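Each remark here refers to the structure printed beneath this line.
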Amino acid sequence: MKESHLLKQVVRSLLAGQLKAAADPHRPHWHLAAPVGLLNDPNGFIEHGGRYHLFYQWNPLGCAHANKGWGHVTSTDLLHWQHELPALLPIEPYEQSGCYSGSAVSDEQGRLTLIYTGNVKYPDGSRTAYQCLARADGMGGFAKLGPVLELPEGYSGHVRDPKVWHDGRQWLMVLGARTLDDRGEVLLYRGDTLDGWTLVGPIAGSGRGGLGEFGYMWECPDLFALDERHVLISCPQGIDPRGEDYRNLYQCGWLAGHFDGTQFEHGAFHELDRGFEFYAPQTTQDSQGRRLLFAWLGLPEENEMSQPTLEHGWIHQMSCPRELFWQDDWLCQRPVAEISALKGAPTRFEGAPDELPALAIDSAWLELALSGEGRLGFGAVAELVWQPGRLVLRRQNWQSGEWEERSCPWLGGKITVLCDRSSLECFVDGGRQTLSTRYFPGENPILSARCDGDDSKICLDHWPLAACLVQ
């Protein structure tokens, strides 16, 4: 009865709000966004049955962080997506405060199975969490199987975001966790079945692996092998800025090392994206052997609730799909090759920045070779400043009107910028660094440039990108 009532509310919200959301000039042309309401973490990213499946945290009833379930889209090419039935809605007692993030696997019988966190908040401010299963029901939906793991001893109610995989012998799970004394950790579990788990212990976190004090909570862990090394991606909360590092409220980064099945020996923590909005990434390995990634181009608890898209009844979008690869022992990212299919006729410019012709960047792919010092303007509210050894992404804060910046090291190599109405994704030195941000330039923004020195030069290739909307 409760599910029926909630489904009616979802349908009403979609019918009332979809056209309004689609008419927003900030609505992306080819990035994924929810039809209405709030989207945040990517969940359950997997290639299964000949299609890519991507689930996402979704509040279909509004733009607040409430009523969290899982939306569901599928694709054969990572570009043309199709809406499926909502996968999860928070209707059971063990998930009454939300169906939180998780992952998807093909189970022992080849059935698509979801593993997610059921969140329960109590009136006194305390909370608990359950790790839960749901399995494809053959009719386009998912049948919930209930909790398979409760809180481990010694941990707070902040234990969530299961990422599950099979190593050829057993199922493994990593979970983000917060101890009772406020240390962030990543927990490892093993199980012979998806409903029977044994805690191995923490494999990374604050005070471990030479990191020192490193946050009170590690969200959204993802552990995987890439070539001959292992990578742990996670989102530590509670790290103070250090110079030009860790400038966002919450961080997102990677550790590389060796995982032997029980322990993870790793090196230093590196930010995965040094821009303003990039959080809760999730990866999968596809049938081509690529390690692919989606992330949320958003960040909780900053100035998200003043974004202008709220007037149109929606908020947030995904990153472009990215491929991970190694370059000189550094984890790098590039846009997936499929995006090139959206490219239109190219335009090339070589010369001084002040001579750059007006180029439309509403939806565009830019390849840049830069020398000297200068800046590129994206509309009137964002710019990319290049200096010897350093790139700076600046934007006008849409809430305060003040200019703010994020930066990354630059070796002087190629820069790729993907523009899509209200987002910029910059891939620096062939993907060694990335800078991603939302920005709100209004309709038909134009690329501009100017010199900050006498020897500035630009070599620029520009392609418009066609729209590719979710069906």
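Just a few scattered comments:
- Here's the picture: charge each Lys and Arg Cβ at +1 and each Asp and Glu Cβ at -1 in region 134-207, and of G141, T198, G154 the one pushed furthest to the positive end of that dipole is G141.
- Total formal charge among the other residues, if their Cβ is under 10 angstrom from that of L145, Lys/Arg +1 and Asp/Glu -1: +1
- Positive contributions from Lys and Arg (+1) and negative ones from Asp and Glu (-1), summed over other residues with Cβ under 11 Å from the Cβ of A364, come out at -2.
- If you take the Cα centroid of region 277-326 and the Cα centroid of region 81-118, the two points sit 19 Å apart.
- Between region 1-79 and region 375-435, the C-alpha centres lie 28 angstrom from each other.
- What the chain shows is 39 Å² of accessible area per residue, with the surface traced by a 1.4 Å probe over protein heavy atoms.
- Amide H contacts for H48 (H built 1.01 Å from N in the peptide plane; partners 5 or more residues away or on another chain; cut-off under 5 Å): H53.
- Among the listed pairs K2/K163; K121/K144; K20/K457, those beyond 31 Å (Cα-Cα): K20/K457
- Karplus-derived HN-Hα couplings along region 167-183 (A = 6.51, B = -1.76, C = 1.60, θ = phi - 60°), whole Hz, x at Gly and Pro: 9, x, 10, 9, 7, 10, 9, 10, 10, x, 8, 10, 6, 5, 9, 6, 10
- For region 315-322, Karplus couplings with θ = phi - 60° (6.51, -1.76, 1.60), whole Hz, Gly/Pro x: 7, 6, 8, 7, 5, 5, x, 10
- Remark: region 413-426, residue by residue, has Karplus-estimated 3J(HN,Hα) of x, 5, 10, 10, 10, 9, 10, 8, 6, 10, 9, 10, 10, 10 Hz, where x stands for each Gly or Pro and the curve is 6.51 cos²θ - 1.76 cosθ + 1.60 at θ = phi - 60°.
- With every protein chain in place, region 207-344: carbon and sulfur % of accessible area (1.4 Å): 43 percent
- Considering only L187, W171, L6, the residue lying farthest towards the positive end of the dipole of the chain is L6, judged by Cα position with unit charges set on Cβ.
- Net charge dipole, region 397-466: roughly 200 debye, given to the nearest 20, about the Cα centre with Cβ charges of +1 for Lys and Arg and -1 for Asp and Glu.
- Accessible-area ranking of R242, R27, largest first, probe 1.4 Å: R242, R27
- Accessible surface of H312, taken over heavy atoms with a 1.4 Å probe and every protein chain present, rounds to 50 Å².
- Charge dipole (region 337-464, unit charges on Cβ, about Cα centre) - positive-most of A449, L393, S436: S436
- Region 337-464 - charge dipole about Cα centre, Lys and Arg +1 at Cβ, Asp and Glu -1, debye rounded to 20: 260 debye
- Taking the Cα centre of region 3-335 as reference, the dipole from Cβ charges on Lys and Arg (+1) and Asp and Glu (-1) amounts to some 800 debye.
The values are calculated or read from the model by the stated rules, or taken from the named source; none is laboratory data. Only a predicted model underlies this, so the values are computations on that prediction, with no experimental measurement involved. Positions of Cβ are generated from backbone atoms using ideal geometry, with glycine treated the same way; all protein chains shown enter the neighbour counts. Areas reflect the complete protein model, heavy atoms only, side chains present, ligands, DNA and RNA absent. Shrake-Rupley method; radii C 1.70, N 1.55, O 1.52, S 1.80 Å.
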